[in-house]
Each structure stands twice: as C-alpha cells, then as structure tokens.
Amino acid sequence: MAPTVLESFTVHFSFATKLIASFALLAGAAPAFSHIVLENKSAPAGSSYKAVFLVGHGCQGSATTGVSVQIPTGFLGAKPYPKAGWTVSAQLGKLAKPYESHGKQISEDVTVVSWKAATPGAGLPDAFFDEFVLRGKLPVSPGPLWFKVLQTCENGSNDWSEIPASGISTQGLKLPAALLEIKPAETAHHHH
Ligand SMILES: [Cu+2]
C-alpha cells in the first residue's frame, strides 16, 4: 500500500531537518577546524601530553613557511617532533619558577619551539593541511592552558595569540591562541 501523504511528508521532513542540522554542525565547526588548534583539546593534569597543532590554512591564501609555538608556563620539558623538509629548533629560556626533575634543579627549559620550511617553496600550500607536534609534561593544576602560535607565510603572517579576558570561549576572537583544557587527574577518564 502506498505511503500516506503524512507518512511521506514525515519522511521528507525528518530528512530535511537532519540535513539542516548537519549543515549547522559543519558551519559551527568550520572555524575550529580552520584555525590553528590542538587535536586533543583536553588532558589530565600532570600527565605527559602530545600537542598536535593542526594547520588548516595559510595566511589569506599564502603558503605557511614557519610555525612558532610559545610554550606556556608550567608545560615542562617540551620536545618537538622533527618534520621532513622543515628545520626545527627548541629555544631555551630561564624559568620564572625552576622545578625539580629526577632529583635535579631545572632552571632553564624550552620556551619556544619553531619549524621553518627548509627551502623556498617547501612551505605548506594553503590548499593542504598539516600537523606540527611537540611533547611535554602538563602542569599539576587543572585549568586552561593557552599556546600562542605565530604562523609565518610567504606573504604575511597570523599571530594566533588572542586569549579571552575570562573563561575559555574564543567566540568572536579573530586570532585565538590554541586552547588545552587541563582536567583534574581523576575525572579525565570519564570523558573518552
Ligand atoms: Cu582559520
């Protein structure tokens, strides 16, 4: 028996609403995907963390030739992941608050990690996407941790360093820093 008008209307209506919902989702997610953000946006306090910075576009269409990450206070022993075709550097700096590691007093640590396209033309075209990775130890206290990232391009640059005055929403910020939410150690597991 042919479906009644109501049945066929309901089918079409629910399909239409699903379509709109997925567009809204995609539209909502687009900025998050396109800015320089962290792949894993939350992690347990005090844990070892692999920071994967996703670079979704260049500077107004120009290819990315440099990515430089300011290591936030409290992120310890940062080590970059080398990348073929790029030179990588880890700049040491004096720590405001020295810490103890394996019985040794650490007063200097990595404060800036940079990747630079090794040859002209080796940059990341705007049409492509890539990841820049470093690893380190997270602070023991929960809360937001902001990574300021300077993206240099063949033409121009983007300084992803805006941090909201309060809270963690980057809504309305043009060049937000990359956010990592540090969760209290015991609760982190429930969010997988
Ligand atoms: Cu963007």
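The values are calculated or read from the model by the stated rules, or taken from the named source; none is laboratory data. Keep in mind that this is a model prediction, so the values were computed, not measured. Please note: Cβ atoms are built from the backbone with ideal geometry, for glycine as well, and neighbour counts cover all protein chains shown. Side chains are part of the model used for accessible areas, which takes the heavy atoms of the whole protein and leaves out ligands, DNA and RNA. Shrake-Rupley method; radii C 1.70, N 1.55, O 1.52, S 1.80 Å.
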- Note on the structure: Note: among 127, 117, 90, just one is over 19 Å from residue 177 (Cβ atoms) and touching a Phe, Trp or Tyr at 6+ places or on another chain (Cβ under 9 Å), namely 117
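So that you can scan it fast, the table gives a plain yes or no per residue for (1) modelled with pLDDT under 90; (2) more than 16 Å from the ligand (Cβ to nearest atom); (3) touching a Pro at 6+ places or on another chain (Cβ under 9 Å):
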residue	(1), (2), (3)
40	no, yes, no
70	no, yes, no
100	yes, yes, no
113	no, yes, yes
- Just to be sure, is residue 75 within 18 Å of the chain's Cα centre (by Cα) and loosely packed, with under 15 Cβ neighbours inside 10 Å? no
- Query: Looking at 123, 156, 136, which is the one that is within 23 Å of residue 174 (Cα to Cα) and in contact (Cβ under 8 Å) with a residue 40 or more places away in the chain?
  - Reply: 156
- Residues of the range 91-102 being open to solvent by 50 Å² or more (accessible area, probe 1.4 Å) and either among the hydrophobic types (A, V, I, L, M, F, W, C) or under 15 Å from residue 137 (Cβ atoms) (or both), which ones? 92, 96, 97, 98, 100, 102
- Query: Can you tell me which residues in the range 110-140 are acidic (Asp, Glu) and loosely packed, with under 15 Cβ neighbours inside 10 Å?
  - Reply: 131
- Task: May I ask you to verify whether residue 72 is of a type outside the set (A, V, I, L, M, F, W, C) and within 19 Å of residue 47 (Cα to Cα)?
- Result: yes
- Item | Residue list for the range 168-186, filter: out of contact with any Phe, Trp or Tyr (no Cβ under 8 Å at 6 or more places or on another chain) and not in a loop (DSSP other than H, G, I, E, B) | 181, 182, 183
- Message: If residue 82 satisfies all but one of (1) open to solvent by 70 Å² or more (accessible area, probe 1.4 Å); (2) at pLDDT below 95, what's the number of the condition it fails?
- Response: (2)
- Message: On the basis of being open to solvent by less than 60 Å² (accessible area, probe 1.4 Å) and either without any contact (Cβ under 8 Å) to a residue 60 or more places away in the chain or touching a helix residue (DSSP H, G or I) at 6+ places or on another chain (Cβ under 9 Å) (or both), does residue 173 make the cut?
- Response: yes
- Message: Every residue in the range 66-100 that is in contact (Cβ under 8 Å) with a residue 60 or more places away in the chain, polar (S, T, N, Q) and under 15 Å from residue 133 (Cβ atoms), please.
- Response: 68
- Note on the structure: Checked the range 97-117 for anything among the small types (Gly, Ala, Ser) and more than 23 Å from the chain's Cα centre (by Cα); matches are 101, 103, 107
- Report yes if residue 143 is away from the ligand (no atom under 16 Å from the Cβ), at pLDDT 95 or above and surrounded by fewer than 20 Cβ atoms within 10 Å (Cβ to Cβ), otherwise no. yes
